[in-house]
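Participant: I'd like to ask some things about the structure below.
A short reminder: the numbers here are calculations on the coordinates, not readings from a lab. The structure presented is a predicted model; accordingly, all values stated were derived computationally and were not measured. Cβ atoms come from the backbone with ideal geometry, glycine included; neighbour counts cover every protein chain shown.
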Amino acid sequence: MITDMDNDFDKTQEDKISGLSPFEIKNELINLANLRVKNSTITLLNAGRGNPNWVATEAREAFFTLGQFGISECRLVYNSEAGIAGIPCQKDISKRFEKFLTDNTTLPGIDLLKRTYEYMKSKSDCDPDELVHEWAEGVIGDQYPIPDRILKYTEIICREYITKEMCGSGYDPNEFDLFATEGSTAGMCYVFDSLARNFVINQNDSVAILVPVFSPYIEIPKLECYNYDVTYIYADTKDEDGLHTWQYEPSDIEKLRDPKYKAVYVINPSNPPSYEMNRDCVNALVDVVKNYNKNLIIITDDVYGTYVPGFRSLISDLPFNTICLYSFSKYFGATGWRIAAIMMNKNNLIDKIISELPQDKIDRLNTRYEFLSTQVDTLRFIERLVADSRLVALNHTAGLSLPQQIQMTLFAASSLLDKEDKYRIRMLEIINGRLTNLWKSIGFTLKPDPLRAGYYSEIDLIIWGKKLYGQDFVDYFTSNYNPVDITIRLARETGLVVLNGGGFDGPRWSIRVSLANLINDDYINIGQNIIKIFDEYVDSWKASKQTKS
C-alpha cells in the first residue's frame, strides 16, 4: 500500500483532475482504482454514480408478456415462414386480449396486465379496442409515435401516476400535459433549448441555481449559446450541532424577488445531499412568485421525490410557473430504458410570456414554426418543445419510441395499483439500510429527518474535522491538500470510487457517496476506508505539530 501521502500522486495531475466535471473525474478515479485492484484481492467499489443495482420486476414481466400478445396479433394479420408478420388490427382486439388474459393466467406479469386493463377501462374516456391496440402496437414498436408528444393512454396513466407522486392527493391530473422524453437528461436539454429558442430566457439574462446540484445544471448555463448570468443559492443551513441540514435560508430565496431573475433551477430532493426543500424554503419561494416576481420560471428536477414519503413538488405549489422533470430511471431501476417526462400545467406562464413577446420576435418564431401550423400563435410551449427536439423540420418523426412508452405505462400502473405500497416500503428499507451502514462505520448516527431521500450522502470533511480535532487541524488540512486528494487516495489505495462534492457546487471538501449501486455491506467497507484515509491526514497533522515543537 502507498503510504507517502504527500508524494504518492503528482500535484500537477491532481490539479488537472480537480478542474474536470465530477463525472469526468469519476472516469479518472475508476482508472486509478482499476490499477489498485489489478493483481490484488481488493474489489473495486464504485460509489460514484447513481445507477441503481435493483430492477422493478413486475412491470418488466408484464412488458414481456404483453410482447407475446403483440406478436400473436401481428401473426393473425399475416404470418410468413420467412419470419414476417403483419401489424396489429384494432377491430375487436380488446376481446382477443381478454381471451389472452383468461388463457394465460400463469404467465409472469399477467396479473398486472389484467389489473391495468380493468383500471383503464374504468375511465370514462377509454375505448377498450383503442387502448389495447395502443399497447399491442406499442410493445411491438411498428409505428412512429402518434401523437408525437406522448401516446394517448400512456399520458392518461403516467400523468395520474406523476401527479400522485409529485403533488399528492387533491390535484386533478387533467390540469397537466406530459411530453415523454429519453430520460430526464434529454428533458433537461429540451427545456434549456426551447426556452432560449422562444426568447423566454435570453443570453446574459439572470437566473438562479439552487446548489449543491447535479453538475450539468452548473455547466449548461455557461455554454456560449446561453451565457446566463448565474446566481447560486447555497443549502448551507446547519443544526445546533453544526451539522448540515442541507436547506436554504429563506432570506436567500428572497433574492429572487428582483424581477431581473428570469428562472430558478432546482433539484428537489437535492443531488447530491438528497433532501427535500422544507416548507420554510417553499413558502419563501411562493411568496416571491405571488407578491414580487410573478414571471419567475421554476424548472424543478424531481427524480428523487419518490424516496421521500409525502413528497410535494414545487409544481404542486406553483403550477402556473413551474416545469417539472420526472424520470422513471432511479425508482424502477431503469436507467437503460431512458424514460422520463416533462410535466407542465396546461395554463402556464411560459405560454403567456411567448404571447406577449415583441412583434419582431413573434415574426421570427412564426418563421421558425411556420411548417407546423398556419397559426403559430396557437402552438403551446410544450408542443414547441416536441418540435425543437427534432429541429422542427423533423417534427413528424418526433417522440419517444413506443416500446419505451409502454414500459412507462406499466411502471406507472404497477405503482398506482400497489395499494399497500409494498414496493416503496421495501425500496426505502434498502436505501436506509445502506445509509445507516455508511454513517455507523464512520462513527456517526444520523438524526431522523423526514425530508431525507437518502439516495446519496454528502460527507463534509471540514465539519467532521473541526468537530473532532479543531480549527488548527482544518487549517493544516486545507493548506496542504487539494479537495480531490482524498478521492484520489481512496481510489489509488483502496479501490473505492467516490466523488468530490465541490464539483456539484457543494462544500469543496466534501465527499458524495451514491447509496444506489452497491450492496449493504459494501457501505461498511466504504465508511471504514474513508476513516482510514482521514486518520492518516490526522496523523500527518500531529507529526507536523511535533516537528514544529
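Participant: With a Förster radius of 22 Å, plug the Cβ-Cβ distance of ASP287 and PHE320 into 1/(1 + (r/R0)^6) and report the FRET value to the nearest 0.05. Let's see the in-between values first.
Facilitator: On the way: r = 15 Å, r/R0 = 0.68.
According to the calculation, E is roughly 0.90.
Participant: Here is a follow-up. Could you check the spin-label model distance between LYS422 and LYS91? Points 7 Å from the Cα along Cα→Cβ, value in nm.
Facilitator: For the pair LYS422/LYS91, the computed spacing is 4.2 nm.
Participant: Kindly flag which residue pairs out of LYS238/LYS542; LYS99/LYS121; LYS466/LYS532 have an alpha-carbon separation exceeding 22 Å in this structure. If you can, show how the numbers build up before the last one.
Facilitator: Values: LYS238/LYS542 28 Å; LYS99/LYS121 16 Å; LYS466/LYS532 17 Å.
Long pairs (Cα-Cα over 22 Å): LYS238/LYS542.
Participant: If you don't mind, another one. Please give the contour-minus-distance gain from ASP236 to ASP125: 0.36 nm per residue of separation, less the Cα-Cα distance, rounded to one decimal in nm.
Facilitator: So the chain would gain 35.1 nm between ASP236 and ASP125.
Participant: Now, a different point. If you keep only loop residues by DSSP, which GluC sites (Glu not before Pro) in region 79-162 have at most 10 other Cβ atoms within 10 Å of their Cβ?
Facilitator: Answer in residue order: GLU81.
Participant: Then there is this: Return an integer: the convex hull volume of the alpha-carbon atoms of the chain, in Å³ per residue. Please report the intermediate quantities before stating the final value.
Facilitator: Details: hull volume 102.1 nm³, N = 549.
Considering the Cα atoms of the chain, their hull volume per residue is 186 Å³.
Participant: Please work out how many pairs of lysine residues in region 239-382 are eight or more positions apart (or on different chains) and have Cα atoms closer than 22 angstrom.
Facilitator: Taking region 239-382 as the scope, the lysine pair count is 17.
Participant: Here is a follow-up. Would region 152-415 count as rounded, prolate or oblate if I go by the C-alpha gyration tensor, calling it rounded below 1.5 in a/c and otherwise prolate when a/b exceeds b/c, oblate otherwise?
Facilitator: Cα axes put region 152-415 in the oblate bin.
Participant: Relative to the longest principal axis of the C-alpha atoms of the chain, give the angle of the C-alpha long axis of helix 57-77, reported between 0 and 90° and rounded to the nearest 10°.
Facilitator: So the inclination is approximately 30 degrees.
Participant: Something else about it: Using the crude model of +1 on Lys and Arg Cβ and -1 on Asp and Glu Cβ, and no other charge, please compute the dipole size for region 152-415 relative to its Cα centre, in debye to 20.
Facilitator: 620
Participant: Also: Using Cα atoms only, what is the angle between the long axis of helix 183-197 and the major principal axis of the chain, expressed in degrees (0 to 90) to the nearest 10?
Facilitator: 80
Participant: Tell me the angle of helix 128-140 to the major Cα principal axis of the chain, expressed in degrees between 0 and 90 and rounded to the nearest ten.
Facilitator: 50
Participant: Assuming R0 = 56 Å, what is the FRET efficiency of GLU175 and ILE524, from their Cβ-Cβ distance, to the nearest 0.05?
Facilitator: My answer for the efficiency is 0.75.
Participant: If the chain between GLN143 and ASP103 were fully stretched, how many nm would it gain, using 0.36 nm times the residue separation less the Cα-Cα distance? It would help to have the intermediate numbers written out before the result.
Facilitator: On the way: separation 40, 0.36 × 40 = 14.40 nm, distance 2.79 nm.
Length difference between fully extended and current span is 11.6 nm.
Participant: Here's another thing I want to ask about it. How far apart, in nanometres, would the label points at ASN34 and ASN227 be if each is projected 7 angstrom from Cα along the Cα-to-Cβ direction?
Facilitator: Using points 7 Å along Cα→Cβ, the separation is 3.9 nm.
Participant: Select from region 29-63 those trypsin sites (Lys or Arg not before Pro) which occupy a DSSP coil region and have at most 13 other Cβ atoms within 10 Å, ordered by residue number.
Facilitator: LYS38
Participant: Taking 0.36 nm per residue of sequence separation and subtracting the Cα-Cα distance, how much length would be gained by fully extending the chain between GLU118 and VAL55, in nm to one decimal?
Facilitator: Stretched out fully, the GLU118 to VAL55 stretch lengthens by 20.2 nm.
Participant: Need one word for region 57-140: rounded, prolate or oblate. Basis is the Cα gyration tensor (sqrt eigenvalues a ≥ b ≥ c); a/c below 1.5 gives rounded, then a/b vs b/c decides.
Facilitator: Since a/c reaches 1.5 but b/c is at least a/b, the shape of region 57-140 is classed as oblate.
Participant: Continuing with the same structure: For an R0 of 45 angstrom, estimate the FRET efficiency from the Cβ-Cβ distance between GLU429 and ASP360 and round to the nearest 0.05.
Facilitator: 0.20
Participant: Here's something else I'd like to know. Calculate for the chain the 222 nm mean residue ellipticity that helices alone would give, adding -39,500 (n - 2.57) per DSSP H run of length 4 or more and normalising by residue count, nearest 500 deg cm²/dmol. Spell out each step's value before the answer.
Facilitator: On the way: 21 runs with 252 residues, N = 549.
Per the formula, -14000 deg cm²/dmol.
Participant: Another one. In nanometres, what is the gap between the two model label sites at PHE371 and GLU254, each 7 Å from Cα along Cα-to-Cβ?
Facilitator: 5.2
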